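These notes are about the structure you will find just below.
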Amino acid sequence: MTGFLPLSLLEQQVGLVRGVLERRSGMGRHLSDRVIPHLSPGAQDAVRKAAELLEKESGVDETLAHVLATAISEIRDGIKAGTFEEKTAIPQERLIGCAEAFDTQRRLTPEAEALQAALPPLEVLCRAVRTAIDFADAVKLSLRMLDQK
């Protein structure tokens, strides 16, 4: 037989948790070095809590998912706070039918750029945690449903 055998539920869950552990490795340091310095003091506390949890705890649970989601929200708020629009006048020779017009461009402060660059690995980790939790919940619920008489 040359085909692959389907993975058992346990093997699938172990694979999901292994993915979380791989993405989790070094994430606390990533947050401490690349995110926290660019946030406001209030936002730093939430992200510091996530970094500490990632360094001290090894569980994959709702607490981790919540702390990561809170940190992501604070980072997004920091990016938003460092984003502004800049209007640039369009040259007179390019205007048709109006006296003046402007192009609007979105600009980021250096802090917002740093946060934007640092955000994707945390989002990937948060999705991996959520996937592992949801899969485990689906298995538990399915077993409970099958066990009902």
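The values are calculated or read from the model by the stated rules, or taken from the named source; none is laboratory data. These figures come from a predicted structure and were not determined experimentally. When we count neighbours, we look across all protein chains shown, and the Cβ atoms used for this are built from the backbone with ideal geometry, even at glycine.
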Q.
Against the conditions (1) without any contact (Cβ under 8 Å) to a residue 24 or more places away in the chain; (2) part of a helix (DSSP H, G or I); (3) surrounded by 10 or more Cβ atoms within 10 Å (Cβ to Cβ), where does GLU86 fall short? Just the number, please.
A. (2)
Q: Considering only residues that are under 25 Å from the mean Cα position of the chain (by Cα) and among the aliphatic types (A, V, I, L, M), look in region 99-120 and name the one that is surrounded by the most Cβ atoms within 10 Å (Cβ to Cβ).
A: LEU115
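Condition test on THR70, is it surrounded by 13 or more Cβ atoms within 10 Å (Cβ to Cβ) and outside any loop (DSSP other than H, G, I, E, B)?
Working: surrounded by 13 or more Cβ atoms within 10 Å (Cβ to Cβ): yes; outside any loop (DSSP other than H, G, I, E, B): yes.
For THR70, the condition - surrounded by 13 or more Cβ atoms within 10 Å (Cβ to Cβ) and outside any loop (DSSP other than H, G, I, E, B) - is met.
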Q) Can you spot a residue in region 121-130 that is of a type outside the set (Ser, Thr, Tyr), under 18 Å from LEU39 (Cα atoms), modelled with pLDDT of 95 or more and surrounded by fewer than 12 Cβ atoms within 10 Å (Cβ to Cβ)? A) no
Q: Kindly establish whether ALA89 is more than 28 Å from GLN44 (Cα to Cα), in contact with a Phe, Trp or Tyr (Cβ under 7 Å, 6 or more places away or on another chain) and small (Gly, Ala, Ser).
A: yes
**Q.** Meets criteria (assigned to a helix (DSSP H, G or I) and touching a His at 6+ places or on another chain (Cβ under 7 Å)) for GLY78
**A.** yes
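If we keep just the residues of region 19-61 that are in a helix (DSSP H, G or I) and among the β-branched types (Val, Ile, Thr), which is farthest from the chain's Cα centre (by Cα)?
Initially, region 19-61 is screened for residues in a helix (DSSP H, G or I), giving 19-24, 27-38, 41-56.
Those still in the list that are among the β-branched types (Val, Ile, Thr) too: 20, 35-36, 47.
Details: VAL20: 13, VAL35: 12, ILE36: 15, VAL47: 12 Å.
Among those that are in a helix (DSSP H, G or I) and among the β-branched types (Val, Ile, Thr), it is ILE36.
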Q: State all residues of region 15-41 that are in contact (Cβ under 8 Å) with a residue 12 or more places away in the chain, of a type outside the set (A, V, I, L, M, F, W, C) and farther than 16 Å from ALA118 by Cα; if no residue qualifies, say none.
A: GLY19
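Rundown of residues vs (1) within 21 Å of THR131 (Cβ to Cβ); (2) surrounded by 12 or more Cβ atoms within 10 Å (Cβ to Cβ); (3) of a type in the set (Val, Ile, Thr), yes/no style:
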{"position": "LEU16", "(1), (2), (3)": "yes, yes, no"}
{"position": "GLY19", "(1), (2), (3)": "yes, yes, no"}
{"position": "ASP33", "(1), (2), (3)": "no, yes, no"}
{"position": "LEU39", "(1), (2), (3)": "no, yes, no"}
{"position": "GLN44", "(1), (2), (3)": "no, yes, no"}
{"position": "VAL47", "(1), (2), (3)": "no, yes, yes"}
{"position": "GLU55", "(1), (2), (3)": "no, yes, no"}
{"position": "GLY97", "(1), (2), (3)": "no, no, no"}
**Q.** Every residue from region 99-149 that is within 14 Å of THR83 (Cβ to Cβ) and polar (S, T, N, Q)
**A.** THR104, GLN105, THR109, GLN116
Q. Right, ALA112: closer than 19 Å to ARG34 by Cβ and small (Gly, Ala, Ser) or not?
A. yes
